[in-house]
């Protein structure tokens, strides 16, 4: 499903947070939303969650206005993996994933055999079927994130929106989750802090700064050493990852004795791997 934001403005506590944001995610594309802290990434995602109505502009999902849809229809079109999971009580893994079926059921509808098959298949897809009867609270951070991905799969929405999905995960869990997300046959919009992850996994990046889109395009076309130095105040070296061959961004602090341009070495051209 195609996602389009056109001229989106958002205000919080009388302060403009987003200004004239335009963004497109094509069907099946992985778009990484990046930018310094306070750039407006989470606020933009809140407009997609329907937690914050834009003051102007429009958000289209599959050509229809997100904010004119009924909540159930919106949930059928986009699933959400928030930064802070809302399941703090003692829910089992199966119970959590089963909530993904809610948009497809009426208030009095019972769970069907078809629902149970969808839930089981979703857990198998993310490698968490072994934990179906476990309490969510007994799982590691990476395992919890996989369960929430399974819930999104059970929701059967063609767009998945993720807010810092690797936050608080160890290195192995981060990479495992990114590999899983990239393998999904969905349109993906993910707010990411790690520029290396964005370069290695995303098809397209959108860079926010002070609530505005300042750059967008293929990762290696946008994330040049000069641009990274000017936007994120760090030095960057870009080249192929020695183990995977994917684009790799190594970062270091700026040297206060040199200009930004002196600290931005030329990027090596790295071939873009095919999406698996």
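In the range 143-232, what percentage of the DSSP-assigned beta bridges are antiparallel, given to the nearest 5?
Of all bridge pairs located within the range 143-232, approximately 50 percent are antiparallel.
Extending each Cα 7 Å along its Cβ direction at residue 167 and residue 67, get the distance between those two points in nm, one decimal.
Modelled inter-label distance: 2.4 nm.
Specify the angular offset, from 0 to 90 degrees and rounded to the nearest 10, of the alpha carbon long axis of helix 113-125 from the longest principal axis of the alpha carbons in the chain.
Rounded to the nearest ten degrees, it is 30.
Stokes-Einstein D for the chain at 10 °C, 1.306 mPa s, Kirkwood Rh over Cα pairs, in µm²/s?
Diffusion coefficient, whole number: 80 µm²/s.
First check a/c for the range 1-133, with a ≥ b ≥ c the square roots of the eigenvalues of its C-alpha gyration tensor; if it is under 1.5, answer rounded, and if not, answer prolate when a/b is larger than b/c or oblate otherwise.
Prolate shape, in that a/c is at least 1.5 and a/b is the bigger ratio.
Find the centroid of the Cα atoms in the range 132-169 and in the range 44-74, then give the distance between the two in whole Å.
Centre-to-centre distance over Cα atoms comes out at 23 Å.
Could you work out how far helix 141-155 tilts from the main Cα principal axis of the chain, as a 0 to 90 degree angle to the nearest 10?
60 degrees
Treat each spin label as a single point 7 Å out from the Cα along the C-beta direction, and report the residue 110 to residue 14 distance in nm.
Each label point is offset 7 Å from its Cα along the Cβ direction, giving 5.5 nm.
Helix 171-183 versus the longest principal axis of the chain: what is the Cα-based angle in degrees, 0 to 90, to the nearest 10?
Helix 171-183 sits at roughly 70 degrees to that axis.
Antiparallel as a % of all DSSP beta bridges within the chain, to the nearest 5?
Antiparallel bridges: around 60 percent, rounded to the nearest 5.
Give the Debye-formula value of log10 I(q)/I(0) at each listed q (0.16, 0.17, 0.20, 0.23 Å⁻¹), with one equal scatterer per alpha carbon of the range 62-149, two decimals each.
For the range 62-149, the Cα-only Debye profile gives -0.71, -0.78, -1.02, -1.21.
Here, each number is a calculation from the coordinates, and none is a lab measurement. None of these values were measured; they are calculated from a predicted model. Ideal geometry is used to build each Cβ from the backbone, glycine not excepted, and the neighbour counts take in all protein chains shown.
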